[in-house]
Amino acid sequence: MTNINYECPTYKDSYSRINAIVIEGEQEAHDNYISLMQLLPDQSSDLSKLAKMEEKHKKGFTACGNNLKVIPDMAFAREFFHGLHQNFQDALQEGKLVTCLLIQSIIIECFAIAAYNIYIPVADPFARKITENVVKDEYLHLNFGAIWLKENFSQAKAELEEANRQNLPLVWQMLNQVAGDAKILGMEKEDLMADFLTQYSETLAEIGFSGREIMKMAATGIA
Amino acid sequence: MFGLIGHLTSLSHAREVAKELGYDEYAEQDLDFWCVAPPQIVEDISVKSITGKTIVGKYVESCFLPEMLLTKKFKAATRKILNAMAHAQKNGINITALGGFSSIIFENFNLMEMRQVRNIQLEIERFTTGNTHTAYIICRQVEAAAQKYGIPLSQATVTVCGATGDIGSAVCRWLHARTGVLDIILVARNQERLRSLRTSLGRGRIMTIEEALPQSDIVVWVASMAKGMEIRPEMLKQPCILIDGGYPKNLANTVQIPDVHVINGGMVEHALDIDWKIMKWVSRCAPSRQLFACFAESMLLEFEGWYTNFSWGRNQITIEKMEQIGAVSVKHGFKPLVS
């Protein structure tokens, strides 16, 4: 399907950062779902299941790196997630459940879904199988956050808009930071942005925002 | 529920509409932004038939712009259409018309092979190009305009520009079989398809547009052009009728010459007001009753409960199907726009 040389040093160099981001992203997701138990104690059982799935994903993506004999650049990945990580932690400390859900269950999950869907057609055969299974789970995770926010939409709306203003620009910065590496792996920035925006807009619609509100929210921070 | 997938005619048109609607963030953006912008349902619509039946639908803005084709951003163009279709299906729309370039992109880029859109498998029977109704309406516009401006079809030469396309070929078949037209001139880019069309019709002269215009009493423009073309007034016969069925319009400027009558091709007028704003944005006309015939096709299919891709593929439109959709068009109160 593609003519990518998965063994060439340039590919492996870029893969060391992208693979690390994915591994770190799954670790962050695991930790975030565990943390959310503090704010949603009655949903601890579901959150625990989601966290376990994220841990499994992390193992899968670690295996993908091992398969290509690539050492993931975890220091780069931790720095990459620093902004979103800090915003999640701050919201957690302040008990802002809505902000936490927007960051983890909506923004990060939408981004993961977009990135994995774009990656699957250009992935090496080993990683393709793993990513295909992961992406199915990510839709469930997205659904978890969307359902809660939909049920509590009227109280959550203002905080969602504020959290969107704070965090969506970070997504565009993160994407710009790895656009070059993603391209070497066969993923175009435009495709990633387009798929993210489509998934994000659909999710905001499911939660209860109007088309006009979604158009304004989705354009936040795009230069 | 019916759906309409539409788009604006150019980047400047998109900016103008965005500004008018209060989307300042969109009004200032360039083409790259429109390439990544997601589809949106921008209006809920309700339409009443003269039979008394009322149906509801949604307008899906695909955020496609013709400049994406002009600048060879084909991947963006195809993504726009697939995402808009997935969005329509996800929102439970039973039958959706692919307006403007949507159906052309679907056909030309073979999107039939790309029906898996993330976690949605597109169900093709939920979509129609609307081309059967458009072709029917254009033919009725030819007949009505000929009568209105005193050009008997039995003595007329009619040129079809874009003759080998889905709509153009259907118009040729109707003109040949139903109107007694004196002469048909076939204009298109692909010579092989032109010869094949002439063989199937058993008539028709093949020419360039420059050769055809001075001989034509009526010109039907249904070419898929991302940008309109300029025509010099001296090329036209007077009197003549120009029926411009393109979106964006095939003719770059409105021709203002006495005895040259320009008709807004492929447009219908409904007998009752439609409560919507979208037609004002997409066609800049006075739109409480006027709309594209392809959009009207999805309404007709919804009125009749014909949940099927009534118009699909290339050059599959038969005269029987044009008559079938034409009969329900009349039944529910639509008529060809001739003004």
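Some points to look at:
- Unmet requirement for residue B:110, which otherwise passes all of (1) surrounded by 23 or more Cβ atoms within 10 Å (Cβ to Cβ); (2) at pLDDT below 95: (1)
- Single residue of B:227, B:237 found to be modelled with pLDDT of 90 or more and part of a loop (DSSP other than H, G, I, E, B): B:237
- Boolean, residue A:88 is among the aromatic types (Phe, Trp, Tyr) and either under 20 Å from residue A:199 (Cα atoms) or buried (at least 20 other Cβ atoms within 10 Å of the Cβ) (or both): yes
- Taken over segment A:1-34, the criterion of being surrounded by fewer than 18 Cβ atoms within 10 Å (Cβ to Cβ) and in a helix (DSSP H, G or I) is satisfied by A:9, A:10, A:13, A:31, A:34.
- Test for residue A:152: is it surrounded by 15 or more Cβ atoms within 10 Å (Cβ to Cβ), within 24 Å of residue A:90 (Cα to Cα), away from every other protein chain (no Cβ under 11 Å) and more than 15 Å from the chain's Cα centre (by Cα): yes
- Flag if residue A:106 is outside any helix (DSSP H, G or I) and in contact with a Gly (Cβ under 8 Å, 6 or more places away or on another chain): no
- Condition check for residue B:70 on (1) among the aliphatic types (A, V, I, L, M); (2) touching a Lys or Arg at 6+ places or on another chain (Cβ under 7 Å); (3) surrounded by 15 or more Cβ atoms within 10 Å (Cβ to Cβ): one failure, at (3).
- Filter result for residue B:80 (within 13 Å of chain A (Cβ to nearest Cβ) and buried (at least 24 other Cβ atoms within 10 Å of the Cβ)): yes
- Annotation: of all residues in segment A:37-78 being among the acidic types (Asp, Glu) and out of contact with any Lys or Arg (no Cβ under 6 Å at 6 or more places or on another chain), the one that is surrounded by the most Cβ atoms within 10 Å (Cβ to Cβ) is A:54.
- Residues located in segment B:83-99, provided they are within 12 Å of another protein chain (Cβ to nearest Cβ) and surrounded by fewer than 19 Cβ atoms within 10 Å (Cβ to Cβ): B:90, B:91
- Residues (assigned to a helix (DSSP H, G or I) and surrounded by fewer than 23 Cβ atoms within 10 Å (Cβ to Cβ)) located in segment A:120-129: A:120, A:121, A:122, A:125, A:126, A:128, A:129
- Selection within segment A:203-223: residues that are of a type outside the set (Gly, Ala, Ser) and closer than 19 Å to residue A:142 by Cα. The member of this set that is nearest to the other protein chains (Cβ to nearest Cβ) is A:214.
- Test: residue A:157 is among the basic types (Lys, Arg) and touching a residue at least 12 places away in the same chain (Cβ under 8 Å): yes
- Given (1) within 11 Å of another protein chain (Cβ to nearest Cβ); (2) more than 21 Å from residue B:23 (Cα to Cα); (3) not small (Gly, Ala, Ser), number of the condition residue B:63 does not satisfy: (2)
- The set of residues from segment A:185-201 being more than 22 Å from residue A:128 (Cα to Cα) and within 7 Å of chain B (Cβ to nearest Cβ) comprises A:197, A:198, A:201.
- Near pairs, Cβ below 9 angstrom, 6+ apart or cross-chain, from segment A:92-117 (within 21 Å of residue A:194 (Cβ to Cβ)) to any residue that is at pLDDT below 95 and among the basic types (Lys, Arg): A:113/B:118; A:114/B:118; A:117/B:118
- Of all residues making up segment A:155-181, the number that are under 15 Å from the mean Cα position of the chain (by Cα) and small (Gly, Ala, Ser): 0
The values are calculated or read from the model by the stated rules, or taken from the named source; none is laboratory data. As the structure is a prediction and not an experimental result, all values here were calculated from the model. Here the Cβ is made from the backbone with ideal geometry for all residues, glycine too, and neighbour counts use every protein chain on show.
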